[in-house]
Each structure stands twice: as structure tokens, then as C-alpha cells.
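Read the structure below first, then the notes.
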Amino acid sequence: MVARRAIGEDCQLFVDANGAFSVKQALGFADASRQADIRWFEEPVTFDDPAGLRHFRERAPDGIAVAAGEYNYTLDDARRLLEAGAVDVLQADVTRCGGVSGFMEIGVLCEAHHTDLSGHCAPSLHRHVACAVPRLRHLEWFHDHVRIERMLFDGAPAPLDGAIAPDLSRPGHGLEFKAQDSRQFMVGESG
Ligand SMILES: [Mg+2]
């Protein structure tokens, strides 16, 4: 309720257990948090337990979307979660799932399972490929990554009304490494 009070009534409240709960603990948490109106519960139980995720999903309060998939490294990882009916929204991370090609393949797999896809963190690296998948729900705006992207790259996106879009005036993913700005973080350089 502290988080709900902090964000007010007009924002959706998302929570992420990082797989820390058992199914019963996650159900207990969700039940005890009904008044907070949680809309997204990420990894209520570990992604390694698709049956447990499905068990939670079938018994969780209405309105909670169950998500998992940030640890999808292969197409089979994503397929197992989808085939088990483990999630309302699958996640994928372009830095882990085989890059742009892997993310695109998972996007098609989601389409075949009538399930939305959400991009996990690293918003600068997702914004182009996320536009190319058929069922994108949203893209996680992870502040630590945003901060680092802006420190080290020209062309990192700035949100406008809660959305980002590719900068079509720049080639490729739109990022250019700030070599000079990065030198202060260099380690192992003598002198
Ligand atoms: Mg997470």
C-alpha cells in the first residue's frame, strides 16, 4: 500500500518477485495486496517452474497479469513457458535471447500463442526491434540502464508522453558510443 499511495490512483502498479516466492507465498502476497490493485506480477515464482506459474496464474486475483521470460536464452525456453500457459505476458530481453533475431523469433512464437510480449530492460537496445514484433505490450523503462545509456551513448531515447520511438535520422540502432566520456570509467590503464 505504500507504493500505491506513492503513485496515486492513476498509475498501474507493477511488482516483481524475481522468482522468490513459492506458489502459496505468492498467492498469499497477492491476496494480502488486493487493495493495492496490482496489475502486473513478474516472476511470482521462479521461471524454472512453468507449472507453478500457471498454478498461480489460475488462482491469482482478477486483473493481475502474470509475466516471466527475462531469462529466456533460447526459443525453447520461451516455448516452454507459452505451452505451459504460464504467463499472461511473455518477457524477452534482446541482450539475452539471441539478439534481434532471437527477439523476433520469440515475437512470432507469442503471436502463435495469442500472448503479448514485453521487452525487458535496456530500452535503447529494444526500441527498434520492439516496433517489429506483432504483439508488443510494452517496454520496461529500467532507470539504471537508462542512466548508463545516456552517460555512454549519444542517441539514447527520451520518453515523450510515456512512449519512445526510433530516431529515423540516425543509422542502425541509433546509438553512438561516447568514447571520450567513457574514459573516466576505464580500469587497468597505467599512468
Ligand atoms: Mg524481473
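The values are calculated or read from the model by the stated rules, or taken from the named source; none is laboratory data. Predicted model only: the values in this text are computed from it and were never measured. As a convention, Cβ positions derive from the backbone with ideal geometry for all residues, glycine included, and neighbour counts pool all protein chains shown.
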### Summary
The residue that is surrounded by the fewest Cβ atoms within 10 Å (Cβ to Cβ), considering only those in the stretch 109-137 that are of a type in the set (G, A, S) and either under 15 Å from W40 (Cα atoms) or under 10 Å from the mean Cα position of the chain (by Cα) (or both), is A122
### Summary
K24: passes all of (1) within 16 Å of the ligand (Cβ to nearest atom); (2) surrounded by fewer than 18 Cβ atoms within 10 Å (Cβ to Cβ) but (1)
### Task
From (1) under 16 Å from the mean Cα position of the chain (by Cα); (2) surrounded by fewer than 21 Cβ atoms within 10 Å (Cβ to Cβ), pick out the condition that doesn't hold for V66.
(2)
### Message
modelled with pLDDT of 95 or more, in a loop (DSSP other than H, G, I, E, B) and out of contact with any strand residue (DSSP E or B) (no Cβ under 8 Å at 6 or more places or on another chain): which single residue out of P171, P134, P157 fits that description?
### Response
P134
## Note on the structure
L75 passes all but one of the listed conditions (1) touching a Lys or Arg at 6+ places or on another chain (Cβ under 9 Å); (2) more than 30 Å from G28 (Cβ to Cβ); (3) more than 16 Å from the ligand (Cβ to nearest atom); the exception is number (1)
### Task
Mind checking which helices (runs of 4 or more DSSP H) fall wholly inside the stretch 1-118 and carry at least 3 residues that are in contact with a Cys (Cβ under 9 Å, 6 or more places away or on another chain)?
75-83, 99-112
